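Taking it in order: structure first as structure tokens, then the write-up.
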Amino acid sequence: MGTVTIGVSIAVPEPHGSLLQERRAGFGDAAAHGIPTHVTLLPPTEIDAGVLPAVEAHLSAVAEAGRPFPMRLSGTGTFRPLSPVVYVQVVEGASACAWLQKQVRDASGPVARDLQFPYHPHVTVAHGIDEAAMDRAYEDLADYRAEWSCTGFALYEQGPDGIWRKLHEYAFGGPVVPPQAAHLDRGSLPAH
């Protein structure tokens, strides 16, 4: 049956996704158009194609346990010199992303794996390009801001052409609880 390379990520919605993808291409990152703009939950992982249904069932369960949360991007960061990456920072939603990626990689699940580096949610805007272009990406997007409500994540497969294609979207299982209704969750009812 062979192997497939999969990844799990939170898509950066429009218009932000396309804008950052175009900026990434503009900095000279040749891979930009083959990688939808995202926050990684599971980095590229090679699996036996026969395991894919188990992965999809696992991701459905993770999504069912998840709840929508606010995501906010602001400013830039870099992993240099350790890794040739410039990124836009996740300044709100990082702890929810960390929880999700841990659930996706759960030791009892079908895609259990260790990471090469500690998990740090981010949106890559330059990877493996020359230093001057990396510096330009870092400076040009220093004031970049975006925010949205994250309502799920998606499973992607990398084709033989190197392009990542969405296989399935997973919506979170529960609604957003409005702040004024949060006291109801604690079991107290308002007085009449």
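The values are calculated or read from the model by the stated rules, or taken from the named source; none is laboratory data. Please read all numbers here as calculations on a predicted model, not as lab measurements. Reconstructed Cβ throughout: ideal geometry from the backbone, glycine too, with neighbour counts over all protein chains shown.
You will find that of T37, T45, T5, the residue that is in contact with a Lys or Arg (Cβ under 7 Å, 6 or more places away or on another chain) and either surrounded by fewer than 18 Cβ atoms within 10 Å (Cβ to Cβ) or among the β-branched types (V, I, T) (or both) is T45 and no other.
Screening the candidates A112, A98, A107 for the property of being out of contact with any Lys or Arg (no Cβ under 7 Å at 6 or more places or on another chain), without any contact (Cβ under 8 Å) to a residue 24 or more places away in the chain and more than 15 Å from S9 (Cα to Cα) yields one hit, A107. R105 satisfies every condition listed in (1) of a type in the set (D, E, K, R); (2) surrounded by fewer than 17 Cβ atoms within 10 Å (Cβ to Cβ); (3) touching a strand residue (DSSP E or B) at 6+ places or on another chain (Cβ under 9 Å) except (2).
Taken together, S18, S9, S74, S83 contain a single residue that is in a helix (DSSP H, G or I) and small (G, A, S), which is S18.
Any residue in the stretch 174-187 that is over 29 Å from I6 (Cβ atoms), acidic (D, E), more than 20 Å from the chain's Cα centre (by Cα) and modelled with pLDDT under 95? Yes, the stretch 174-187 contains a residue that is over 29 Å from I6 (Cβ atoms), acidic (D, E), more than 20 Å from the chain's Cα centre (by Cα) and modelled with pLDDT under 95.
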